[in-house]
Amino acid sequence: MALIVQKYGGTSVANSERIKKVAERVAKFVKQGHQIVVVVSAMSGETDRLIKLAKEIQSTPDPRELDVMVSTGEQVTIGMTAMALMSIGIKAKSYTGTQVRILTDNAHTKARILDIDDTKIRADLNAGYVVVVAGFQGATEDGSITTLGRGGSDTTGVALAAALKADECQIYTDVDGVYTTDPRIVPEAQRLETITFEEMLEMASLGSKVLQIRSVEFAGKYKVKLRVLSSFEDKNDGTLITFEENNTMEQPIISGIAFNRDEAKLSLLGVPDKPGIAHSILSPVGAANVDVDMIIQNIGVDGSTDFSFTVHRNEYQKTLDLLNNSIKPQTGAREVRGDNKICKVSLVGVGMRSHAGVASLMFKTLSEEGINIQMISTSEIKISVVIDEKYMELAVRALHKAFNLDNSASA
């Protein structure tokens, strides 16, 4: 008998028929003797609908009240899922994040989980219930409802698995595992049987939408066994995210290609080249709660330098205004430039550690396609480039072929 946390995303619970299918899948595990905790998202499109409603009232909705609104999507789904289980003879009980006591900080719309009280869940599991928990939400110390940001149900599932010391956390989605890249862009993309946490963390942070990055961080930190599966078919065992690298001869140099359209680049030109200038630029940006990704500072010439960085596209205008209105006058920069038509394409693979020439082949491949590289960032197991958004799909396809990912081993 195992304790398994299963998380089902919005497409998996998109309507009553799909929720019934989820209940049937859960029932199979229960009948095998397993204890099951189910974490569900809101029905597909429901969170967007609620946000749209909120914006009809306030153009920039109050974060606290927006959390109150959007958290109701999951509340509907947990009730329906529990009822679907009951209708086929399975004892079930649903809980909101507040009822379970998923304690978060007070950063509304992107809160972080601080603690989980597993008392109620354990008692119900021991009494033979399937426990259905609302993903994506929690509550502050004073009881205010919070949400964890888009994709936060993955984080809820993994955090519950960590708190309960579950044997496995299964993430059910509309794909049957983690692929070398998005099959919608490259039809030849291959499903990976395994991928390391390190690689998955890079893939998630670089734009792969299969798992939310915080859920992978949680899983890695608490050694939660994580598996990505399809909620629509049972043809394979999905992708297991492992703690150890595969040391077989066939270990590929590159495991996957991630890409992210949600990027924007900002540049301060003619910045005085002196100690502390990076801090004077990025400190106000950080204080405005804007996450900075890639950073490039050119070598100073004639006492000045150029400083560029990327942010999420949603934060582009806010950051551009901050640079023009505050940071440019304070630093004495000559000019501010912005570009919100860029994208980031990244190669990820633990095999890079022991293989030279990855960057060279990447740059050669992009050059042959006439694609100009604007920024480069590297780590031990990844190389990322910023390019013009219109070349993204071409770049991904060309790199996928150049690194022989079309023929990589899959199930």
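The values are calculated or read from the model by the stated rules, or taken from the named source; none is laboratory data. Please read all numbers here as calculations on a predicted model, not as lab measurements. Don't worry about glycine lacking a Cβ; one is built from the backbone with ideal geometry, like all the others, and counts go over all protein chains shown. The accessibility values were calculated without ligands, DNA or RNA, using every heavy atom of the protein model including side chains. Shrake-Rupley method; radii C 1.70, N 1.55, O 1.52, S 1.80 Å.
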Potential lengthening between residue 48 and residue 297 on full extension [0.36 nm per residue; Cα-Cα distance subtracted] = 85.9 nm
Under the Kirkwood approximation applied to all pairs of distinct alpha-carbon atoms, what is the hydrodynamic radius of the range 1-115 in Å?
-> 15.4
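Per DSSP H run of n ≥ 4, the term is -39500 (n - 2.57); total these for the chain, divide by its residue number, and report the mean residue ellipticity at 222 nm rounded to 500 deg cm²/dmol. Show your work: numbers first, answer last.
Details: 14 runs with 140 residues, N = 411.
About -10000 deg cm²/dmol.
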Ranked from the most accessible area to the least, with a 1.4 Å probe and all protein chains present, what is the order of 34, 279, 400, 312?
-> 279, 312, 34, 400
Could you please put 200, 43 in sequence from largest to smallest accessible area, using a 1.4 Å probe?
-> 43, 200
The range 32-79, dipole about Cα centre (Lys/Arg Cβ +1, Asp/Glu Cβ -1), debye to the nearest 20 | 60
Quick one: compute the contact order of the range 293-386, relative version, from alpha carbon pairs under 8 angstrom and 6+ residues apart, as a percent.
-> 24
Antiparallel bridges, percent of DSSP beta bridges restricted to the chain (to nearest 5) | 60
Near the amide H of residue 91, under 5 Å away, which other amide H atoms are found, from residues 5 or more places off or on another chain, if H is placed in the peptide plane?
-> 130
Which of 200, 396, 270 sits farthest toward the positive end of the charge dipole of the chain, with +1 on the Cβ of Lys and Arg and -1 on the Cβ of Asp and Glu?
-> 200
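Determine the dipole magnitude for the range 63-120: charges of +1 sit on the beta-carbon of Lys and Arg, -1 on that of Asp and Glu, nothing else is charged, the reference point is the Cα centre, and the result goes in debye to the nearest 20. Walk me through the intermediate numbers first.
Details: 7 positive and 7 negative charges, 35 e Å.
Roughly 160 debye, rounded to the nearest 20.
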Where N is the number of residues in the range 308-411, Cα Rg divided by 2.2 N^0.38 Å | 1.33
Given backbone amide H placed at 1.01 Å from N, residues whose amide H is under 5 Å from that of residue 173, ignoring those fewer than 5 places away on the same chain, are 229, 230, 231
Could you tell me the accessible area of residue 233 in Å² (1.4 Å probe, neighbours in place), rounded to the nearest ten?
-> 80
Shape box of the range 168-305 [Cα atoms, principal axes, largest first, Å] = 62, 30, 30
Compactness ratio of the range 255-360: Cα Rg over 2.2 N^0.38 Å, N = residue count?
-> 1.22
Starting from the Cα of residue 401, step 7 Å along the direction of its Cβ; do the same at residue 367; then give the gap between the two resulting points in nm.
-> 1.9
Distance histogram in 10 Å bins (all Cα pairs of the range 108-234, percent per bin) = 12, 40, 33, 12, 2, 0
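Could you calculate, for the range 122-192, the ratio of the Cα radius of gyration to the Kirkwood radius, expressed as Rg to Rh?
Result for the range 122-192 is an Rg/Rh of 1.10.
Any idea what the relative contact order of the chain is, in percent, if you count C-alpha pairs under 8 Å spaced at least 6 apart? Write down the numbers at each step before the final one.
Details: 872 pairs, mean separation 56.3, N = 411.
Relative contact order comes out at 14 percent.
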Quote the accessible area belonging to residue 168 in square angstrom, nearest 10, computed with a 1.4 Å probe and with ligands, DNA and RNA left uncounted.
-> 20
Based on Cβ point charges of +1 for Lys and Arg and -1 for Asp and Glu, what charge dipole magnitude is obtained for the chain about its Cα centre, in debye rounded to the nearest 20?
-> 700
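What range in the chain is the longest one free of trypsin sites (Lys or Arg not before Pro) that are in a loop by DSSP and have at most 11 other Cβ atoms within 10 angstrom?
Working: sites that count: 165, 184, 223, 235.
Formally, the longest exposed-site-free interval is 236-411.
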Return the label of the correct value of mean projected area of the Cα convex hull in nm², as calculated from the structure shown, out of [x] 24.4; [y] 26.7; [z] 21.9.
-> [z]
Exposure of residue 290 as accessible area (Å², to 10), given a probe of 1.4 Å and all protein chains = 10
Any residue on another chain or 5+ positions along whose placed amide H is under 5 Å from the amide H of residue 6 is listed here as 37, 38, 39, 170
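Past 19 Å, Cα to Cα, is the threshold; run 344/390; 55/209; 91/120; 21/120; 120/165 against it and keep the listed order.
Working: 344/390 11 Å; 55/209 25 Å; 91/120 15 Å; 21/120 26 Å; 120/165 15 Å.
From 344/390; 55/209; 91/120; 21/120; 120/165, over 19 Å: 55/209; 21/120.
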